[in-house]
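Report on the following structure.
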Amino acid sequence: MINSEVLNDLLLYDPDTGKLFWRVRDVRYFKTERASKIWNTRYAGKEAMTTRTKCGHLSGRVFDKGYLAHRIIWCLHYGDWPDGELDHVNGVPFDNRLKNLRSVTSSENSKNTSIPKHNTSGFMGVYKETYTGKWVGSAESDGKRYKKRFDTIEQAILYRKQLDEKLGFHENHGRSKPK
């Protein structure tokens, strides 16, 4: 994996926009001086890591190896690669401002997701069970499932809100998916 010193040679980070830009690349990174001139003419000063993944994250290649932009940004700022996952606090996967990134476990990251398209209740973790006709409030945390049936959607929502607080779900969990 590429280290932060090399990344700092290659990329410039704008903390206000969360964008990365290619720096003028030193000739030592090329086989020939001509290759250096060609690359710098074409890319230096231009935005880097602009390819969107299926999930909406920004990505790109450095020395023919793929990287996610938010992980590069973390490494540039902190001097090392993140240990776990990086969460985009506001749920916008291409908003790579440092204040929108936090290092989390996989479990913590799953507690800050947007509401899925197939949700019919309008509230995360609440659905109507077809075979009982009851409303269900449910959540999962650290491998344990919490689930209760109710006569009304309001009761199920209240239960789910209590679970969110008890289990440490992020305040943005269940928000609408960003466009």
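Readers should treat all values here as calculations from the given coordinates under stated rules, not as data from a laboratory. Quantities reported herein were computed from a predicted structural model and do not represent experimental measurements. All Cβ positions, even for glycine, are placed from backbone atoms using ideal geometry, and neighbour counts span all protein chains on display.
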Highest GNM mean-square fluctuation among Arg102, Arg149, Arg34, for the chain with Cα springs under 10 Å, belongs to Arg34
Using alpha-carbon positions, what is the distance between the centroids of region 11-28 and region 40-81, in Å? 9 Å
Low-density loop cleavage sites - GluC sites (Glu not before Pro) in region 125-179, where at most 16 other Cβ are within 10 Å (DSSP): Glu129, Glu171
Note, ³J(HN,Hα) from phi for region 90-101, Karplus 6.51, -1.76, 1.60, rounded to Hz, x at Gly and Pro: 7, x, 8, x, 10, 8, 9, 5, 4, 5, 9, 10
Which ³J(HN,Hα) values, rounded to whole Hz and listed in residue order, are derived for region 60-65 from phi using the Karplus coefficients 6.51, -1.76 and 1.60 in 6.51 cos²θ - 1.76 cosθ + 1.60 with θ = phi - 60°, glycine and proline given as x? x, 10, 10, 6, 6, 10
Cα radius of gyration and Dmax for the chain (Å): 21.7, 74
Could you tell me which chymotrypsin sites (Phe, Trp or Tyr not before Pro) in region 25-118 are loop residues by DSSP with no more than 14 other beta carbons within 10 angstrom of their beta carbon? Phe63
Restricting attention to region 110-179, which chymotrypsin sites (Phe, Trp or Tyr not before Pro) occupy a DSSP loop and are surrounded by at most 14 other Cβ atoms within 10 Å? Tyr131
At R0 = 45 Å the Cβ-Cβ FRET efficiency linking Met1 and Arg145, nearest 0.05, sits at 0.80
